[in-house]
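Since every read-out is calculated from the coordinates, none of them should be taken as a lab result. Because the structure is predicted, anything quoted here is derived from the model rather than measured. All Cβ positions, glycine included, derive from the backbone under ideal geometry; neighbour counts span all protein chains shown.
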Amino acid sequence: MTDPAAARPDLIVTNALIVTADADFTVVPDGAVAVRDGRIAAIGPSAAIGRHAAEVVDAGGAILMPGLVNTHCHAADSLFRGLVEDLPLEPWLQTVWKAEGAILNRRTVRLGATLGLAELLLSGVTTVMDMFWFPEETARAARELGMRVATGGIFIDFPGVDHVSHDDRLRAARAFFAEFDGADDVFPTIMPHGAYTVGPDNLTSAKALAEERGALFCTHAAETRAEQADIETRYGHSVIRHLDHLGLLDERTVLAHCVWLDDAEIEILARTGATVSHNPVSNLKLASGIARVSDMLAAGVRVTVGTDGAISGNDLDMWMALRLAATLHRGATHRADAVSTRQALAMVTREGAAALGAADRIGALEVGKFADMILIDTDRVHATPMFDPMTHIVFSTAKSDVRDVFVAGQRVVRDGALTRVNIAETLGRVRALTPAIAGSIA
């Protein structure tokens, strides 16, 4: 005999305007989602789903949609928010690295990661790809908050803040796999900083480890004209051609930025299946340029969206990044259809999940996938009237509209507040560290 309690959902979110972000971009007015064992068990009209569950959340007409997927971030760099201003990337980086070298260690990386990841989670980001020193500290901070993270061994040819060799970095990356491989909430990733900071031999050995473990591979690429000129001078190829020549591009590769690409390089990305993480906020603020997103989409390149770090964009606002991704390229190309509403929504949901090799688990509200969901308050002046919820999500929603956040059906943000971490304690520790941070570049 079946135990009725075992069949009962753990959670039902009802009376919601559901935007599934599935392949058909299905919208369910007055809909409900039932969750059992962390996964979506049913989606449909509220009347059909009912209210028989261990917990019932009445959305009050709010939008229920998948949690956002941020494919490029440096969360712990939130410690340096607004510290280095009004410089292009290359001199900006020299000052950033000076500050990082003076301040960062395992303890401060954990502090900064908690700060940055909390900002993301409160704004509806349930999964983030994050590149930073001591990545295990970022993974542990994400786990404590209750969100998912793609991160792992970082590679750079100079000693860095951790003062280790390339061989040490390979060993650290293996240790990261040993700790987190197979976890639902951590996607182990190999993360060389870029072709201008990691030489060909070290890039290829890092990629070999990624292939050995079936892991993601993420690096910065073609962010500025100066980077392109540097790689051309050193290796006789542009950045994308250089990475392709080394055999680093495939469907498990995520490339941050890709601002400076020619037609042939876009075709290389389409041929290899590599994903681009578009970071419009930092690209604009650092005067790096405007990526050819509409051309990449037309060529069949998977394009996703990232915030980059708060040190280069001042906050971690995926809604601003989303709106720029949807509007910036219309102005740049003089085409109102350069990036459609559906394409923009997909960039921060289903396409982001696909970039992480997780389209079967996250990125859309569909039966069988993890119940990573966010409630968007629509009882707002800027949400009234609403004719199309997808248009509202892309062009009107702000991070302050996010009310509740669920990861695997667990409510990790309730009424705009974290449920698992006392963020006031984190804020106090960051404020106490602020004078030392300011002094690091004085």
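Stretched out fully, how many nm does the piece from ARG420 to ARG342 gain, at 0.36 nm a residue minus the Cα gap? If you can, show how the numbers build up before the last one.
Working: separation 78, 0.36 × 78 = 28.08 nm, distance 3.32 nm.
Length gained between ARG420 and ARG342: 24.8 nm.
When only Cα pairs under 8 Å and 6 or more residues apart are kept, what is the percent relative contact order across the chain? Show your work: numbers first, answer last.
On the way: 964 pairs, mean separation 89.7, N = 442.
Relative contact order here is 20 percent.
Give the aspartates and glutamates reachable from LYS98 as a straight Cα distance under 15 Å; neighbours fewer than 8 places away on the same chain don't count.
ASP77, GLU85, GLU90, ASP162
Between ASP379 and ARG171, 0.36 nm times their residue separation minus their Cα-Cα distance comes to what? Kindly include the intermediate steps, with their values, before the conclusion.
Values: separation 208, 0.36 × 208 = 74.88 nm, distance 5.14 nm.
The ASP379-ARG171 span can extend by a further 69.7 nm.
Once the Cα atoms of helix 89-103 and of the chain are each reduced to a long axis, what angle between those two axes, in degrees from 0 to 90 to the nearest 10, is obtained?
80
Hey, rough spin-label estimate for TRP97 and GLU55, points 7 angstrom out along Cα→Cβ, what's it come to in nanometres?
4.5
Of all DSSP beta bridges in the chain, what percent run antiparallel (nearest 5)?
In the chain, approximately 45 percent of DSSP beta bridges are antiparallel ones.
Using the per-residue mean of other Cβ atoms lying within 10 Å as a proxy for protection, in what order, highest first, do the peptides 276-283, 259-266, 375-382, 341-348 fall? Don't jump to the answer; show the numbers that get you there.
Numbers: 276-283: 27.1, 259-266: 18.4, 375-382: 16.9, 341-348: 22.5.
The most tightly packed comes first, giving 276-283, 341-348, 259-266, 375-382.
Where does the chain land at 222 nm, in deg cm²/dmol rounded to the nearest 500, when only DSSP H runs of n ≥ 4 count, each adding -39500 (n - 2.57), divided by all residues?
Numbers: 18 runs with 178 residues, N = 442.
That calculation yields -12000 deg cm²/dmol at 222 nm.
Relative contact order for the range 247-328: what percent, with Cα pairs under 8 Å and sequence separation of 6 or more?
Details: 131 pairs, mean separation 23.7, N = 82.
Value for the range 247-328: 29 percent.
Which GluC sites (Glu not before Pro) in the range 9-110 pass both tests, a DSSP loop state and at most 16 other beta-carbon atoms within 10 Å? The partial results should precede the final answer.
On the way: sites: GLU55, GLU85, GLU100; in loops: GLU85.
For GluC sites (Glu not before Pro) across the range 9-110 that sit outside H, G, I, E and B with at most 16 neighbouring Cβ atoms in 10 Å, the list reads GLU85.
Mind ranking 21-28, 119-126 by how tightly packed they are, going by the mean number of other C-beta atoms within 10 angstrom, highest first?
Values: 21-28: 15.8, 119-126: 25.1.
Per-residue Cβ counts within 10 Å, averaged per peptide and sorted highest first, yield 119-126, 21-28.
Could you check the simple spin-label distance between THR26 and ARG106, using points 7 Å along Cα→Cβ, in nm with one decimal?
4.7
From the cross-link list LYS285/LYS399; LYS369/LYS399; LYS207/LYS399, which pairs have alpha carbons spaced over 28 Å apart? Could the numbers behind the result be given before it?
Working: LYS285/LYS399 20 Å; LYS369/LYS399 24 Å; LYS207/LYS399 36 Å.
With Cα atoms farther than 28 Å apart: LYS207/LYS399.
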